[in-house]
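Since the structure comes first, as structure tokens, the remarks are kept for the end.
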Amino acid sequence: MIIEDVPPDAVDRSGRPVLEVDELTVTFRRRGEQPMRAVDGVSFAVAPGETVGLVGESGCGKSVTSLAVMGLLPRRGVQVGGSVRLDGRELVGAPDRALRELRGADMAMVFQDPLSSLNPTVPIGTQVTEVLLEHRDLSRKDATAQATDLLDRVGIPDPARRLKEYPHQLSGGMRQRALIAMALACRPRLLIADEPTTALDVTIQAQILELLRELVVDSGTALVMITHDLGVVAGLCDRVHVMYSGKIIESADRHELFARPRQPYTGGLLASVPRLDGVRGAPLHPIRGSARDVIPWAEGCAFAPRCDHAQDDCLTEVAGSTVPLEYDGPGRELRCRHPLEYPRSPAGATAAGAAR
Amino acid sequence: MQRRPQRVLAASAAALTALTLAACASSDRDSGSGEGGGEEAQSGGTLVFGAAGDPAMFDPAFGSDGETFRVARQIHEGLLTNELGGTEPVPQLAEDYEVSEDGLEYTFALREGVKFHDGTDFNAEAVCFNFDRWYNFEGLAQSPSASYYYQAVFGGFASTPDTPSIYESCEATDENTAVIRLTQVTSKFPAALSLPAFSIQSPTALQEYDADNLSGSEDALSYSEYALEHPTGTGPFKFESWDRGNGEVTIVRNEDYWGDPALLDEIIFRTISDQNTRRQELQAGSIDGYDFVAPADYQTLEDEGLQVLVRDPFNILYLGFNGGNVPGTSANPALKDLRVRQAIAHAIDRETIVNSLLPEGAEAATQFMPPTVDGWADDVTTYEYDPDRARQLLQEAGAEGTTLRFFYPTEVSRPYLPDPAALFQVINQNLIDAGFTVEPTALPWNPDYLNAVQAGQADIHLLGWTGDYNDAYNFIGTFFAEASNGQASAEFGAFSNPEIFAALAQADAEPDASARTEQYQEANRLIMDYLPGVPISHSPPALVVAENVQGLEPSPLTAEVFSTVSLSD
Amino acid sequence: MTAIGDVRRRRIDELAARAGQVPEGEGGVSLTKSAFRRLRRNPVAITGAVIVVVFLVVAAFAPLLAPRDPLAQTLLGEIRPGFIPGAREGFPLGADELGRDLLSRLIVGSRQSLLIGVVSTVLGVVVGMALGVLAGAFGGWVDTVVMRFIDIILSIPSLLMAISISVLLGQNQWSLVIAIAVTQVPVFARLLRGSMLAQRGSDYVLASQALGIKRSRIVFGHVLPNSLSPLIVQATLSLATAIIEAAALSFLGLGDPDLARPEWGAMLSNAQDFLSVRPELAIYPALCIIVVALGFTLLGESLREALDPKFRR
Amino acid sequence: MLRFVVRRLLQLIPILLGLSVLLFAWLRALPGGPAQAALGERATPEAIARYNELFGLDQPLYVQYLRFLGRAVQLDFGNSARTGRPVTEEFLERMPGTIELTLFAMVFAIGVGIPLGYLAARRHGSWLDSASVIGSLLGVAIPVFFLAYLLRLLFAVELGWLPGSGRQEVRIDATRITNFYVLDGLLTREWDAAWDAFTHLVLPGIALGTIPLAIIVRITRASVLDVVNEDYVRTANAKGLATSTVRRRHVIRNALLPVATTIGLQTGLLLSGAVLTESVFAFGGVGSAIFDAIFARDFAVLQGFILILAVVYVLVNLLVDISYGLLDPRVRVR
């Protein structure tokens, strides 16, 4: 029972969420092209010690969301709307200086490709220490000491030597660990991990995820996990938001979601993942088509064209008739006109069922 | 044949060389700075002169180009020199001389109390030492690229019986009397002694620094220590140093000069090959003057208050024809037809060329020598610009549209030919208008172009000549005298015209001046009737100096004297 | 056993699909399409293109556009040392040093410059491609040999190279062109080899090989076409440098010996003697060279940006 | 590191050999062959025969080549036809000037080029950007002699600020030790001479520097544009580093890698670019010597100088590769 692994004390459910994202919209305006809305009215919150997953196919806007939160989107040609609050501090439209003070210190990010995310011409050590030196007033010596300690904590053997080495001299896993070390250097309140494991071998993936969980757990950091891999979600997240083409289409606690996906899309995602507890020999059901055949939300449901359960009213010609995200039972939200139905049963049972 | 190429070089070369000692005209005295007045006030200072190229070395006996002589002439002196601003030979180290009846024995009375820069006395021995030195050249020193001028005037060497020398002997009858004997009469002598190549140099220095020791190959001569570092003459300036990397030659005043000492302390000849750079450096004041002024710049420079010193034209620019007798070359046979040659002569628009392409003061040429030279005839056949006549002649000769391989030089500017490319294009157009077909060939001046035309590879070619001294033979003789077995030089396609050859030979051997002039005039008539080429123009080259430069007298031979030059402030 | 067979067949099918896709599949097309979309929107590209087009048109119709015979020394009679007639009725830019209409000479001169630029670049591209393909396609010792050779060529600074060659070939219109071409060869060879090596590793090539497609077909059918875009960019840029280098060489007296034939570089170096009288004689041809070079370079640079995925972010 | 250097040095050998073959072939291919090249077209058949046996040109080609190589290794390229002096001597005499000039030009090009290119990239699409692009093009396109003329007209003739030609004011007689005039001036404490020599570098240096300047601007701009899009820059920003740190440590440092290579290439090219510049500035260096050699058809000098310059060029690029190795750890280890 994964959820039990999280010691209650680390997660102060009492305190207000670390991160509150409210009606976040990101619009790309390129000279000549018509504006493209990559993130469209996304809202979610993350409590301390909580791990939230943003799930979806590539291009669904999950990464953009994370960058928007970090304020890392280029200023020119990008328009960010809505509100992002870190411990109540509004980040949208905050001056660059302010953001820089927060980044690395209060909120940090781990990126997908560890090699390209590390500066090839600068020793690992410098890249770790520079965060500390930036946000904590430390002497170089102390910073190095802490860096060594950090590398050690993220499980890099012989850290003293590694500090002097360059990224290309490390293995993929090591690099990702180094990146994580940098991200956690200043014990941030919020950590965003954008597909932290996709570039790694399966065996390493497991280790890294384990590492992340430990760190989050014993530091009470709020973790946002961006991924397309439900395996990751299953292993890590408390709450999951499924995104499709810029919008959240289903939100639920992990076990709820896995037990009873409502959005056909979510169902599709789950069905396309081989499950250990699945029926022997049961065929996989990949989702038809690809993210390319997407229609604007304005005209009903963007997923409709690929949806097995789609019916005529999923696709209305009336502009602005977007299918809304609505309350769907305790702790659940759903954006669908013809969700998957399940036989009624007591909530407790379902929870148990999901976990088994 | 070997010597032909250098001839042209030498021409302009020698042209730059005469040095005269006549006291400078009073005009400069007045124009000198007011205060103090007289020479004291003016003397002193350094003059920087922009040269177009590096000198080869400083032993004029081996010299064959203008930049070499420009410097050598300030250091060395000969028995004779040229009159100030003129072309007549006048005594210099010789006070005067007498010629024997038969015109074979010359007795020079030498100037007394003259010393070489190294302290050696200048005397009859010294003179004879030099003459014998030239006569006894060995090995590479005999190559035309080394001793062109000696060979041009005296012929062969002691060690070359098959090509005899007209030099017989030099005898020092007493301290200050040298007697020179020749084996045959020539109009070149003694005028040629005003050439820098025949400067008298210090016997001591010549021996000490092994002057005659040339190494390398004919065309890559390496000169002796003497020629490169210790040239020693009697001139008003002494050799100081040569910075080869920067192309800077420094000469300083010879304090115990026998005549009026030079006014300048020091002259630096600096090589600036690009003519725009030369002009701008003068305008910027970092040099005090330069030679080879582009005709287009005369006006501009004068407007800026600089002194453009225009020399009297003492040169000839001509279009040479190929007589078609040079073995191994394929000249256009049509040129053997007098009418075709006349057609070309009529086709060329000399007036326009003179007015539009050549500096002011240039004049169209009627024959192959300037009017100022004795022997110039006012009644030669002339060929005025007349395209129709040209076309007609061509028709009569049945040679319409005949193709002429027209050679012209590039990368060069000669006193008589400031802008070859432009000139070529105009004549080219003229010929086409007259119904010729032209096949142009452009070659770099030296060596490619000279070699090609000297070897008779062109049908028609542009070339010219600046006189070395006032002597008709120095012009038409050089061009049209019999080169070998009844033929003229390959440059003119070795045409064969016994009359012209005879006339020239006769005149050259004529001791009596006035009779000689007659004979040269006759030669000119013959030449212009036969038309081995078309004389085009005589043009006045110029040099330019800053306002404060006084006493520089332009010489028709482009042979300026710097000892009388001074800087006012 | 059959199962395994199935698996293998399926994998190969997949690979084949991918191999088919990349060259003429949607990826490729949309790439060039979007590239052109970007180009059309880029003012820099437009400027460059306009200049180039104008230049090409002028060169093509020079004889029709030139108001006068570029060889006729019409105003020669008026020329005096230190005076060259300036702009006037019928001579919008005045006369050159021989009384010929400067404008007409500039217009007709464009032909020579274009000729020199194009011919030398084409030569450079063809030879360079040959070498590059040789090296890129076969790799191994062929690659080593070719590349060593190219390194040697590269080790002689281009101007010196050009000089040596024109000295060798003697002075004629073509020696100039060849000289410039030779200096271009190594550039193209290296370029092509580089991008081909990059693709040799790529999946679709491996796939094609897995499918046992003939090497030649892979090279000429897939690799080459995909290596072309950088080549095109470079060629555009080379056109500019070629025209400039031609000017330098004719200043060194290694240019076209036929003076009658107007060519910008030659006009420029002839004008030297008249800088004090009429600098225009130098300025106009210089401007022409600069503007045309500018045109080609702007076009080339923006082409590069348009085709470079990096700039598509 | 050492092994890296040694390996690169070894790689030079085939190149230099090939180079010597090329030049050997070149001289053979010249109209008339080496004898004519050395003696000139005027050479008599006898002279040519003499020369041929003197230098063993009557022997099989490979023997000749080996001799040529042997002499080349001892830096013996025969005598200049123009001055009759050993080619090597001429080269050594003139090299310092060219090195001084090249250094100045390069410092100028780098000093102006990198900042300009960086700014252009930072303000991508701004007027400054387009200005620098166009400006750099003018730099490449404007013929040196014309630029030289304009520079001299402005700074030497009109303003009289700077000398317009030569390496040293002729009226100054400075002591020569190394033939690097500026250096000599400093060594001998002849400050005025040093300063004067330096001012003589400015105009030709600028004229010579425009081309590399233009190219450096372009490369810097392009590579900065590349780097700012790199993931590790995003990482750096995600760490909340100060903008200055991000630029210094993460952007510029990496952006300079390609620039370094260009600089090497350009420095080598300058050696030949000097041909035009030095001659129009009457600057006594290798370039002006080559210029004269071209017009005098002085093949011995052309051959010798081109070979030596090529070697220098290759060595310079080797140095760059090494320094590149220092800059980029990835290369070092490979």
Where residues in region D:88-105 are buried (at least 22 other Cβ atoms within 10 Å of the Cβ) and away from chain B (no Cβ under 14 Å), which of them is nearest to B:ASP243 (Cα to Cα)?
D:THR102
Top-ranked residue in region A:148-172 [being buried (at least 21 other Cβ atoms within 10 Å of the Cβ) and under 26 Å from the mean Cα position of the chain (by Cα); ranked as farthest from A:VAL122 (Cα to Cα)]
A:VAL154
I'm told B:THR277 meets every condition in (1) buried (at least 23 other Cβ atoms within 10 Å of the Cβ); (2) free of Cβ contacts under 8 Å to residues at least 12 places away in the same chain; (3) closer than 15 Å to B:GLY63 by Cα except one. Can you identify the failing condition by its number?
(3)
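Being at pLDDT 75 or above, hydroxyl-bearing (Ser, Thr, Tyr) and over 27 Å from C:LEU307 (Cβ atoms) narrows it down to one residue among C:THR74, C:THR47; which is it? If you could, list the steps in order and put the result at the bottom.
On the way: C:THR47 fails: over 27 Å from C:LEU307 (Cβ atoms).
Unique residue meeting the criteria: C:THR74.
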Quick one: count up the residues across region D:141-183 that are touching a Lys or Arg at 6+ places or on another chain (Cβ under 6 Å) and under 18 Å from D:THR102 (Cβ atoms).
1
Exactly one condition in (1) crowded, with 21+ Cβ neighbours inside 10 Å; (2) within 25 Å of B:VAL426 (Cα to Cα); (3) at pLDDT below 80 is false for C:GLY253; which is it?
(1)
Assuming B:GLU105 fulfils every condition listed in (1) modelled with pLDDT of 90 or more; (2) more than 25 Å from B:ALA507 (Cβ to Cβ) apart from one, which condition is it?
(2)
Just give me the residues in region B:398-424 being over 20 Å from B:ALA364 (Cβ atoms), of a type outside the set (A, V, I, L, M, F, W, C), more than 9 Å from chain C (Cβ to nearest Cβ) and part of a strand (DSSP E or B), in sequence order.
B:THR403, B:ARG405, B:PRO409
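Are any of the residues in region B:290-301 more than 26 Å from B:TYR408 (Cβ to Cβ) and either outside any helix (DSSP H, G or I) or at pLDDT 90 or above (or both)? Let's see the steps before the verdict.
Of the residues in region B:290-301, the ones more than 26 Å from B:TYR408 (Cβ to Cβ) are B:299-301.
Those still in the list that are either outside any helix (DSSP H, G or I) or at pLDDT 90 or above (or both) too: B:301.
Yes; the residues of region B:290-301 include at least one that is more than 26 Å from B:TYR408 (Cβ to Cβ) and either outside any helix (DSSP H, G or I) or at pLDDT 90 or above (or both).
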Of all residues in region C:105-155 being of a type outside the set (A, V, I, L, M, F, W, C) and in contact with a Ser or Thr (Cβ under 9 Å, 6 or more places away or on another chain), which is farthest from C:GLY265 (Cα to Cα)?
C:GLY136
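Restricting to region B:121-164, what's the tally of residues that are in a helix (DSSP H, G or I) and either of a type in the set (Val, Ile, Thr) or over 25 Å from the mean Cα position of the chain (by Cα) (or both)? Break it down into steps so the answer makes sense when it comes.
First, the residues of region B:121-164 that are in a helix (DSSP H, G or I): B:124-135, B:139-142, B:144-154.
Those left that are additionally either of a type in the set (Val, Ile, Thr) or over 25 Å from the mean Cα position of the chain (by Cα) (or both): B:124-129, B:139, B:153.
Residues in region B:121-164 being in a helix (DSSP H, G or I) and either of a type in the set (Val, Ile, Thr) or over 25 Å from the mean Cα position of the chain (by Cα) (or both): 8 in total.
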Among the residues of region A:50-91, which ones are in contact with a helix residue (DSSP H, G or I) (Cβ under 7 Å, 6 or more places away or on another chain) and not in a helix (DSSP H, G or I)?
A:THR51, A:GLY53, A:LEU54, A:VAL55, A:GLY56, A:GLY71, A:LEU72, A:LEU73, A:VAL80, A:VAL84, A:LEU86, A:LEU91
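For region D:55-87, give me each residue that is of a type in the set (Ser, Thr, Tyr) and away from chain B (no Cβ under 14 Å). Show your work before the answer.
Residues of region D:55-87 of a type in the set (Ser, Thr, Tyr): D:62, D:65, D:80, D:83.
Once the filter is applied, which keeps residues that are of a type in the set (Ser, Thr, Tyr) and away from chain B (no Cβ under 14 Å), region D:55-87 yields D:TYR62, D:TYR65.
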Could you tell me which residue of region B:485-532 is surrounded by the most Cβ atoms within 10 Å (Cβ to Cβ), considering only residues that are of a type in the set (Ser, Thr, Tyr) and in contact (Cβ under 8 Å) with a residue 60 or more places away in the chain?
B:TYR520
What residue, among those in region B:425-478 that are within 11 Å of chain C (Cβ to nearest Cβ), of a type outside the set (D, E, K, R) and outside any helix (DSSP H, G or I), is farthest from B:ASN325 (Cα to Cα)?
B:PRO444
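Here is a check on your reading of the model: is C:GLU245 buried (at least 24 other Cβ atoms within 10 Å of the Cβ), in contact with a helix residue (DSSP H, G or I) (Cβ under 8 Å, 6 or more places away or on another chain) and modelled with pLDDT of 80 or more?
Working: buried (at least 24 other Cβ atoms within 10 Å of the Cβ): no; in contact with a helix residue (DSSP H, G or I) (Cβ under 8 Å, 6 or more places away or on another chain): yes; modelled with pLDDT of 80 or more: yes.
Answer is no for this residue.
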Residue ID - surrounded by the fewest Cβ atoms within 10 Å (Cβ to Cβ), chosen from residues in region A:72-101 that are under 30 Å from A:SER171 (Cα atoms) and under 20 Å from the mean Cα position of the chain (by Cα)
A:LEU72
Specify the residue that is farthest from the other protein chains (Cβ to nearest Cβ); the eligible residues are those in region C:256-275 that are surrounded by fewer than 23 Cβ atoms within 10 Å (Cβ to Cβ) and over 19 Å from B:VAL412 (Cβ atoms).
C:ARG261
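Just to be sure, is D:ALA214 surrounded by fewer than 22 Cβ atoms within 10 Å (Cβ to Cβ), of a type in the set (A, V, I, L, M, F, W, C) and assigned by the TED database to the domain that holds D:LEU116? Can you show your working first?
Values: surrounded by fewer than 22 Cβ atoms within 10 Å (Cβ to Cβ): no; of a type in the set (A, V, I, L, M, F, W, C): yes; assigned by the TED database to the domain that holds D:LEU116: yes.
Considered against the rule, which asks whether it is surrounded by fewer than 22 Cβ atoms within 10 Å (Cβ to Cβ), of a type in the set (A, V, I, L, M, F, W, C) and assigned by the TED database to the domain that holds D:LEU116, D:ALA214 comes out as no.
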Among the residues of region D:180-189, are any within 14 Å of chain B (Cβ to nearest Cβ) and not in a helix (DSSP H, G or I)?
yes
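Kindly indicate which of B:ASP260, B:ASP288 is in contact (Cβ under 8 Å) with a residue 40 or more places away in the chain, of a type in the set (Asp, Glu) and within 28 Å of B:PRO418 (Cβ to Cβ).
Details: B:ASP260 fails: within 28 Å of B:PRO418 (Cβ to Cβ).
The match here is B:ASP288.
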From the list B:ARG133, B:ARG111, exactly one residue is touching a strand residue (DSSP E or B) at 6+ places or on another chain (Cβ under 7 Å), basic (Lys, Arg), under 30 Å from B:GLU229 (Cβ atoms) and away from chain D (no Cβ under 14 Å). Which is it?
B:ARG111
Among (1) among the hydrophobic types (A, V, I, L, M, F, W, C); (2) within 9 Å of another protein chain (Cβ to nearest Cβ); (3) within 19 Å of the chain's Cα centre (by Cα), the one test that D:ALA109 misses
(2)
Inspect all residues belonging to region C:76-95 and state whether any of them is more than 14 Å from every other protein chain (Cβ to nearest Cβ), out of contact with any Asp or Glu (no Cβ under 6 Å at 6 or more places or on another chain) and in a helix (DSSP H, G or I).
no
Qualifying residues in region B:174-199 (those that are over 19 Å from the mean Cα position of the chain (by Cα) and outside any loop (DSSP other than H, G, I, E, B)) - the one surrounded by the most Cβ atoms within 10 Å (Cβ to Cβ):
B:ALA178
Out of curiosity, is C:ALA282 within 14 Å of chain B (Cβ to nearest Cβ) and among the small types (Gly, Ala, Ser)?
yes
May I ask you to list the residues in region B:63-90 that are assigned to a strand (DSSP E or B) and surrounded by fewer than 19 Cβ atoms within 10 Å (Cβ to Cβ)?
B:VAL90
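Show me the helices (runs of 4 or more DSSP H) entirely contained within region A:100-197 in which 1 or more residues are within 12 Å of chain D (Cβ to nearest Cβ) and out of contact with any Ser or Thr (no Cβ under 9 Å at 6 or more places or on another chain). Give the derivation first.
Numbers: elements: A:124-135, A:140-153, A:159-164, A:172-184.
Correct list: A:124-135, A:159-164, A:172-184.
The values are calculated or read from the model by the stated rules, or taken from the named source; none is laboratory data. Just so you know, these numbers come straight off a predicted model, no measurement behind them. Positions of Cβ are backbone-derived with ideal geometry, glycine not excepted, and every protein chain shown enters the neighbour counts.
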